[in-house]
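Enquirer: What follows is a structure written as structure tokens; I'll ask about it next.
The values are calculated or read from the model by the stated rules, or taken from the named source; none is laboratory data. As the structure is a computational prediction, the values presented were derived from the model and not from experiment. Positions of Cβ are backbone-derived with ideal geometry, glycine not excepted, and every protein chain shown enters the neighbour counts.
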Amino acid sequence: MKKIGNKMNIFFIGNELLLLNYELTKKMDFKKILTISIVVLLILVGVAIIIGSNKDRRVFFVKNFDQSLENSIKSRLDKDYSYEIVKIKGKVNDTILIVPCEGCQPVKLSGKINEKFMNKFGKGKSIMRFEPYKATTGDLKIIHKIR
């Protein structure tokens, strides 16, 4: 008999919780629910626009150190940019050269690499160059973008 009583108490507590939730949602005004829904929708749309608008970017995975790499990104005429960015992450067995922008000095990197180069940029072409230099093996991820 105790088991039946416990089941009834649990069932009764469950009904009380359901009744409490119903009372809380009943007290929430329709305008509040609508406002919260609109705010959440606007946040999601904003995040989608920010993520989707970055078309001016290229990603390279370098595993073959026999060739150099040059990449150029043309700016769109209708858009103003402020930076050209080159990110390099990975490992190499010896020295590599990276020229993060047109007119920049080459930078030597070796070993474990996690670097970011930012340069002011307006319009035109953003050019990035990678030279294997002395490195023969490794694994690199290079991101070149303009913002």
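Enquirer: Which ones in the stretch 86-106 are among the charged types (D, E, K, R) and within 22 Å of the chain's Cα centre (by Cα)?
Expert: If the condition is that a residue be among the charged types (D, E, K, R) and within 22 Å of the chain's Cα centre (by Cα), then Lys87, Lys89, Lys91 are the ones that fit.
Enquirer: Run Lys120 past the list (1) surrounded by 14 or more Cβ atoms within 10 Å (Cβ to Cβ); (2) in contact with a Phe, Trp or Tyr (Cβ under 7 Å, 6 or more places away or on another chain); (3) not hydroxyl-bearing (Ser, Thr, Tyr) and report the number of the one that doesn't hold.
Expert: Answer for Lys120: the failing condition is (1).
Enquirer: Test of understanding: among Ile98, Ile113, Ile85, which residue is of a type in the set (A, V, I, L, M), touching a strand residue (DSSP E or B) at 6+ places or on another chain (Cβ under 6 Å) and at pLDDT below 95?
Expert: Ile85
Enquirer: Oh, and also: Show the residue pairs that are 6+ apart or on different chains and have beta-carbon atoms under 8 Å apart, the first residue being within the stretch 59-79 and in the same structural domain as Arg129 (by TED's automatic domain parsing), the second being modelled with pLDDT of 90 or more and outside any strand (DSSP E or B).
Expert: Phe65/Pro132; Phe65/Ala135; Phe65/Thr136; Phe65/Thr137; Asp66/Pro132; Gln67/Pro132; Ser68/Pro132
Enquirer: Please go through the stretch 58-78 and give me each residue that is surrounded by 12 or more Cβ atoms within 10 Å (Cβ to Cβ) and farther than 14 Å from Lys145 by Cα, ordered by number.
Expert: Listed by number, the residues that qualify are Val62, Phe65, Ser68, Leu69.
Enquirer: If we keep just the residues of the stretch 129-147 that are out of contact with any Leu (no Cβ under 8 Å at 6 or more places or on another chain) and part of a strand (DSSP E or B), which is farthest from Arg76 (Cα to Cα)?
Expert: Only one residue tops the list, namely Gly138.
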